[in-house]
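Enquirer: Sharing a structure, written as C-alpha cells. Questions coming.
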Amino acid sequence: MTTTIALSSGVSALMLVLLLVLPSVSSPTVPFGVRVPARRVDDPTVVRQTRIYRWRVFALGIVSAAVGVVIYGLTGKPFLLPLSVLMVVGVWYGCYFLANRKIRVAKAAGGWYEGLHQGIAVDTELRTDPPRFPWLWLAPALIVTVATTVIGVIAYPSMPEMLVVHHGANGVPNRLAAKSVNAAFSLVFVQIGVTALLVGIAAAIFFSSRSDIDPGRPVSSARWHRRYMSLGAKALLGLVAMIDLGMLGSSLLMWTGTVISWAPLVVVLPILVAVVVAVVVLARNNLAGDEAEEVTGMAHRDDDMYWRGGLFYVNPEDHALVVPRRFGLGWTLNFGNPRVAMLLVAVVGLAGLLITLRFGG
Amino acid sequence: MILNVDLASEVPIYQQIRDRIVEAIADGVLTEGSPLPATRALAADFGINFHTVNKAYDLLRQQGLIRLNRKTGAVVTSTVADSPFCTEWTARARTLLAEAVAKGLPADGVLKTCESVLNSFGTDLSEDTP
C-alpha cells in the first residue's frame, strides 16, 4: 500500500512540476495557446495570467493528489489511485483554459495584431533535403527484444509448470497460467507490439509533421525544428528500449519463478526513468535558441480560430496530420483532417476489440 | 531556402512565392539542378491550396527558370535571356524607375540602390567559389 501511494504521489508530483514549468518552456509568442505578436509577450495581462496559473495549479494540484490518496486510503481500492493523476490533469486544464480566455479577451480588446504584417515561413530544404530518421537509435530496443526471445527459447524447458502472469499493486502474484508458449512469451509479444507502435508514431511524427516556422526569425526557427525533430524521435526510441527492458526484467522473474514484493517496479522504474529523461530533454530544447538573426519584421499569422479550447487543432483545410503542440511538449494531431478521424476510430475500435477479447476470455 | 509569404500584402501569394524563388536564384541560394518541393508538399507546409503553388511554379516554368517533370519534380534550370524577355523586363523596369522619379527620388540615389541590389545578388555563389 505504501509503495502504491509513494508511486502515485511521485507521478502526481512529477506531473505537477512539469505543469508548473510548461509556461516557461512553451513558445513566448503563444502564451496559454493564444497567438500574440512578439512585442506583446511581456504584456501585463500575460505576466499576470502566468503568475495566477502557477498559483492555481500548485494549490489545486496538491489538493487533488491528496484527495486521491485519501480516497485510496479509505476504500483501499488501487484502481482509484490513478484518479488523483486524472484530477491533476483536470485541474490543470481548468487553470489553463481560464488563462487562455483572459489573454484572448485582452488581445481582442487591445487590437494586438492591428497594423502588423502577418506571414507564413517555410523552409523548402526540410522537403528537398529532409533530416534523417535516427534509425540507429532503434538498435537498443531491437537488441533487448531479440535477447528476451533468445533467453526465453533457451530457458523454456526449465521454466516452472505454473507461470506468474500478473502481479497485484502490492507486488503479490494474483494470476497464474499453465506453462505454454503464449503465456511464457506474452511479454515478448508486448515488446514487439509496443516497439512497432512507438516506432510507427515516431516515424509518423518525423515524416509527416508540419514545421511551424517563425516568420520573424525563420532561419534559427527552421534550424531548431530540425534539431527538435531528431531529439523527439530519439527520445521516443529511447523510451521504447526502456519499456522493452522492463519487459525483459519481468519476463526473467516469470521464467525463474521468482516472487519479490517489488516486482511491479521492475516494469515501472525503467519506463519512469525513460519518461523523465525524455520530458527533461524535450523541455530543455522546446524553445528555439536565441541565435543572432536579423528579424524580418513579420509576425506569425493569428491562427487562434483553429485551436479549439486553446488545445485541440481542428483545421480541415490543413492537409497536415501532425503539428507542433502550442502549449507543452511535442506534437498534436489535426483533428480536422479526415484521416486523423479515421485513425482515431480505428484506435478506439482496436481498444474495444482488445477489451472484449480480454474480458470475453 | 526560406520562403516568406506576407498575408497582408496586396501581391497575390502565388506571385510572392514566384518572386522569392526568383530572388533565391539571383542570390545563388538556388542553382541549376536545385530541387524545389513538390507542389502538394509546399502547399501543405504553407497551409494553402496546392493550385496556388501550381500557379507560381507554372509562371517560373513559362519564364524558363524551372523545369517540371513527373519523376524529378520541379528543378531549377539554367536560362539565357532572350529578346522578348529583355523587352518585357525593360518595360517593367521603366515603370519601377518611373515610380521613383515621380516620387522625387534623386537619380544618383536610384542608381546607387540599383547597384547595391545588383551587388547583393550572387554573394552566396562568389563565397562558395574558391
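The values are calculated or read from the model by the stated rules, or taken from the named source; none is laboratory data. Please read all numbers here as calculations on a predicted model, not as lab measurements. We place every Cβ from the backbone using ideal geometry, glycine too, and count neighbours over all the protein chains shown. SASA here: full protein model, heavy atoms, side chains in, ligands and nucleic acids out. Shrake-Rupley method; radii C 1.70, N 1.55, O 1.52, S 1.80 Å.
Enquirer: Which residue out of A:Arg132, A:Arg210 is among the basic types (Lys, Arg), within 23 Å of the chain's Cα centre (by Cα) and open to solvent by less than 40 Å² (accessible area, probe 1.4 Å)? Give the derivation first.
Expert: Details: A:Arg132 fails: open to solvent by less than 40 Å² (accessible area, probe 1.4 Å).
The match here is A:Arg210.
Enquirer: Output yes when any residue across the stretch A:29-38 is under 30 Å from A:Tyr306 (Cβ atoms), in contact with a strand residue (DSSP E or B) (Cβ under 7 Å, 6 or more places away or on another chain) and of a type in the set (Ser, Thr, Tyr), and no when none is.
Expert: Yes, the conditions are met somewhere in the stretch A:29-38.
Enquirer: Here is a follow-up. Got a sec? Which of A:Phe97, A:Phe32, A:Phe133, A:Phe58 is within 30 Å of B:Ala74 (Cβ to Cβ) and more than 14 Å from chain B (Cβ to nearest Cβ)?
Expert: The conditions single out A:Phe133.
Enquirer: Give the residues of the stretch A:102-129 that are of a type outside the set (Val, Ile, Thr), at the interface with another protein chain (Cβ under 10 Å from one of its Cβ atoms) and either assigned to a helix (DSSP H, G or I) or under 30 Å from B:Leu36 (Cα atoms) (or both), sorted by residue number.
Expert: Listed by number, the residues that qualify are A:Leu116, A:His117, A:Gln118, A:Gly119, A:Ala121, A:Asp123, A:Glu125, A:Leu126, A:Arg127, A:Asp129.
Enquirer: Could we say that B:Thr72 is touching a strand residue (DSSP E or B) at 6+ places or on another chain (Cβ under 8 Å), outside the structural domain of B:Lys112 (by TED's automatic domain parsing) and touching a residue at least 60 places away in the same chain (Cβ under 8 Å) here?
Expert: So B:Thr72 does not fit the description; no.
Enquirer: So, one more: Go through (1) among the aromatic types (Phe, Trp, Tyr); (2) open to solvent by less than 80 Å² (accessible area, probe 1.4 Å); (3) without any contact (Cβ under 8 Å) to a residue 60 or more places away in the chain for B:Phe121 and report which single condition fails.
Expert: Against the list (1) among the aromatic types (Phe, Trp, Tyr); (2) open to solvent by less than 80 Å² (accessible area, probe 1.4 Å); (3) without any contact (Cβ under 8 Å) to a residue 60 or more places away in the chain, B:Phe121 comes up short only on (3).
Enquirer: From the list A:Ser158, A:Ser186, A:Ser220, which one is under 30 Å from B:Asp6 (Cβ atoms) and among the polar types (S, T, N, Q)?
Expert: Working: A:Ser158 fails: under 30 Å from B:Asp6 (Cβ atoms); A:Ser186 fails: under 30 Å from B:Asp6 (Cβ atoms).
Of A:Ser158, A:Ser186, A:Ser220, the one residue that is under 30 Å from B:Asp6 (Cβ atoms) and among the polar types (S, T, N, Q) is A:Ser220.
Enquirer: From the set of residues in the stretch A:312-328 that are away from chain B (no Cβ under 11 Å) and free of Cβ contacts under 8 Å to residues at least 60 places away in the same chain, which is least open to solvent (accessible area, probe 1.4 Å)?
Expert: First, pick out the residues of the stretch A:312-328 that are away from chain B (no Cβ under 11 Å): A:312-314, A:316, A:322, A:324-328.
Filter again for free of Cβ contacts under 8 Å to residues at least 60 places away in the same chain, leaving A:312-314, A:316, A:325.
Working: A:Phe312: 99, A:Tyr313: 9, A:Val314: 32, A:Pro316: 96, A:Arg325: 92 Å².
Restricting to residues being away from chain B (no Cβ under 11 Å) and free of Cβ contacts under 8 Å to residues at least 60 places away in the same chain, the top hit is A:Tyr313.
Enquirer: Looking at B:Val101, B:Val75, can you tell me which residue is open to solvent by 80 Å² or more (accessible area, probe 1.4 Å) and of a type outside the set (D, E, K, R)?
Expert: B:Val101 is the lone residue from the list that is open to solvent by 80 Å² or more (accessible area, probe 1.4 Å) and of a type outside the set (D, E, K, R).
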